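Have a look at the structure below, then the notes.
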Amino acid sequence: MANQFSTATVAELTGASVRKVDYWARTGLLMPSGREASGKGSQRKYTFQDLVALLAICKLRECSCPLQKIRAAVGHLRTHYPDLPTSASLSRLTLLTDGKSVYMLTDGQQIMEIVSCQLCWSVPLGKLIIETNERIETLPQQWSEEFLLGRRTFHLIGTRPKDQTEVVVRCRELPGAIGRAETSEAAFSFAKQAVESFVTCFGPKGRGERALAQVEIR
């Protein structure tokens, strides 16, 4: 189960404002690969590759590269890498800028301007994937998943606090249904079993005192 991040978390990790990340998504500069907003109350979900791509955009902006140049570069990547989302394209390449144009590394030293395809020489910069991993490690890890049982949808929330190895998954509708394991996949599987056990014992709409019962699987 791959990590996915909310707009607020992405803003915290990249240093860009929530408003700016939202604007880049709405205008198509970089839309989330995890999940796009689909209406009031819904949230965008960004993947690890999206984070790397957004950090690349932020770095280019820090170097005073015009946003229209970055948009043109992203358009070039979409044209030449049609089978990959833009975030994947950006995260696999080395992007450089002189403050006026965006460049793409083509071999050890030679680079090619993405928009005009003019050649020049430079040294590749940045290790954004390592930097992204380091930033993610400063956050408590969290996952979410919807779980359909019969005609009812349950929402599972998994967390792994910093410096701990065990993932704990709880059900929003049935707080007493808990799954614990070393991996997120196993913890979610155990939590689903706990929900099923609870529903079997108390029925699909167990409330009141019955909801205080705890079913924990690990």
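Give me D83, D22 sorted ascending by neighbouring Cβ count inside 10 Å, so fewest comes first.
Lowest to highest Cβ neighbour count: D83, D22.
Arranged by the count of other C-beta atoms within 10 angstrom, fewest first, what order do R170, R135, R19 take?
Taking fewest neighbouring Cβ atoms as first place, the list is R19, R135, R170.
For labels at A72 and R26 in the simple 7 Å Cα→Cβ model, what's the distance in nm?
Placing both labels 7 Å along Cα→Cβ, they lie 2.6 nm apart.
Can you give the FRET efficiency for A8 and D83, using 1/(1 + (r/R0)^6), R0 = 45 Å, r = Cβ-Cβ distance, to the nearest 0.05?
According to the calculation, E is roughly 0.90.
Applying a 10 Å radius around every beta-carbon, put 143-152, 8-17, 176-185 in order of their mean neighbour count, most first. Let's see the in-between values first.
Numbers: 143-152: 12.3, 8-17: 17.0, 176-185: 19.0.
The densest-packed peptide leads the list: 176-185, 8-17, 143-152.
We did not get these values from a lab; they are worked out from the coordinates using the rules stated. Predicted, not measured: the structure shown is a model, and the values here were computed from it. So basically every Cβ, Gly included, is an ideal-geometry build from the backbone, and we count neighbours across all protein chains shown.
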